[in-house]
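Okay, so here's the structure we're looking at.
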Amino acid sequence: MKSSYTENINYGNIFSIITFLKNPKKIVEFGILNGYSLKEFTESANSNCSIEAYDIFDNFTGNHANKDTIYKTFEKYSNVKIEYGDFYKKIEEIDDKSIDILHIDIANNGDVYEFIFQNYIQKMNTNGIIILEGGAIERDNIEWMNKYNKPKIKPIIDKYSNIYNIKTVGTMPSITLIKI
């Protein structure tokens, strides 16, 4: 069916719409890079929403966020906290049922997704939303995933699809939404 809706996906609009509809008290993001999604969250959330963004900056050997640029870009937002934070270790500092929106974009692969299901689900508030980069078969087969023999994401989504409400949107880069 032909429709103007099918021409392009603006992932930033998805972040904004989810933020608008959820009216979250707390957003947590891992993986900042250039701040695209963080900007969408800050511009869509009310000023009472706490936004915590974590990255490992120079400790990531691939494409990573420039700490000074990111700090300068978001310093005007009093409700945004940007810190060094390892996705696999920060979990110990996050209270259960404390996050309304969780966004993960850290060179996601099947291991990252599995870790989320095993460790981050309990950190989410009832009716929380997890937004994950990746999830489409096309994304599973990008060059670096194959080159480094990274575990595919789609089998992990399939493993949990009978337990959680999961929706993957788009093909490249694609995002996966998990509704708690």
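Can you confirm whether Asp86 is farther than 22 Å from Glu40 by Cβ, in contact with a strand residue (DSSP E or B) (Cβ under 9 Å, 6 or more places away or on another chain) and surrounded by fewer than 19 Cβ atoms within 10 Å (Cβ to Cβ)?
Yes.
Inspection of the stretch 89-102 identifies at least one residue that is on the phi > 0 side of the Ramachandran plot and either crowded, with 16+ Cβ neighbours inside 10 Å or part of a loop (DSSP other than H, G, I, E, B) (or both). Let me confirm something: among Lys39, Lys22, which residue is closer than 25 Å to Val112 by Cα, touching an Asp or Glu at 6+ places or on another chain (Cβ under 7 Å) and of a type outside the set (Gly, Ala, Ser)? Residue meeting the stated conditions: Lys22. Contact map, the stretch 70-81: first residue closer than 12 Å to Ile27 by Cβ, second residue of a type in the set (Gly, Ala, Ser) and at pLDDT below 95, Cβ cut-off under 6 Å, separation 6 or more or different chains; pairs are Asn79/Ser47.
Whenever a residue of the stretch 158-180 is among the small types (Gly, Ala, Ser), it has no partner that is loosely packed, with under 13 Cβ neighbours inside 10 Å and in a strand (DSSP E or B) lying with C-beta atoms less than 6 angstrom away and at least six residues away or across chains.
Scanning the stretch 23-66 for residues that are of a type outside the set (Phe, Trp, Tyr), in a helix (DSSP H, G or I) and in contact (Cβ under 8 Å) with a residue 40 or more places away in the chain returns Ser37, Leu38.
Suppose we keep only residues that are touching a Gly at 6+ places or on another chain (Cβ under 9 Å) and without any contact (Cβ under 8 Å) to a residue 60 or more places away in the chain within the stretch 83-106. Which one would you say is farthest from Cys49 (Cα to Cα)? Among them, the one singled out is Phe87. Criterion first (among the hydrophobic types (A, V, I, L, M, F, W, C) and modelled with pLDDT under 95) does Met172 satisfy it? Yes. Evaluating Tyr71 against the criteria (1) farther than 26 Å from Ser174 by Cα; (2) part of a loop (DSSP other than H, G, I, E, B); (3) not charged (D, E, K, R) leaves one unmet condition, (2).
Could you please find all residues in the stretch 136-180 being of a type in the set (S, T, N, Q), surrounded by fewer than 18 Cβ atoms within 10 Å (Cβ to Cβ) and on the phi < 0 side of the Ramachandran plot? Steps first, please.
Filtering the stretch 136-180 for residues of a type in the set (S, T, N, Q) gives 141, 146, 149, 161-162, 165, 168, 171, 174, 176.
With the extra rule that they be surrounded by fewer than 18 Cβ atoms within 10 Å (Cβ to Cβ), the set shrinks to 141, 146, 149, 161-162, 165, 171.
Correct list: Asn141, Asn146, Ser161, Asn162, Asn165, Thr171.
Within the stretch 100-114, the only residue that satisfies the criterion of being within 11 Å of the chain's Cα centre (by Cα) and acidic (Asp, Glu) is Asp105. Any residue that is modelled with pLDDT under 95, of a type in the set (Lys, Arg) and over 15 Å from the mean Cα position of the chain (by Cα) - is there at least one of those in the stretch 1-21? Taking every residue of the stretch 1-21 in turn, at least one turns out to be modelled with pLDDT under 95, of a type in the set (Lys, Arg) and over 15 Å from the mean Cα position of the chain (by Cα).
Of all residues in the stretch 62-76, none are closer than 17 Å to Leu102 by Cβ and aromatic (Phe, Trp, Tyr).
When Glu143 is tested against (1) in contact with a Lys or Arg (Cβ under 7 Å, 6 or more places away or on another chain); (2) free of Cβ contacts under 8 Å to residues at least 60 places away in the same chain, only condition (1) is not met.
The values are calculated or read from the model by the stated rules, or taken from the named source; none is laboratory data. Worth saying up front: this structure is predicted, and the values here are computed from it rather than measured. When we count neighbours, we look across all protein chains shown, and the Cβ atoms used for this are built from the backbone with ideal geometry, even at glycine.
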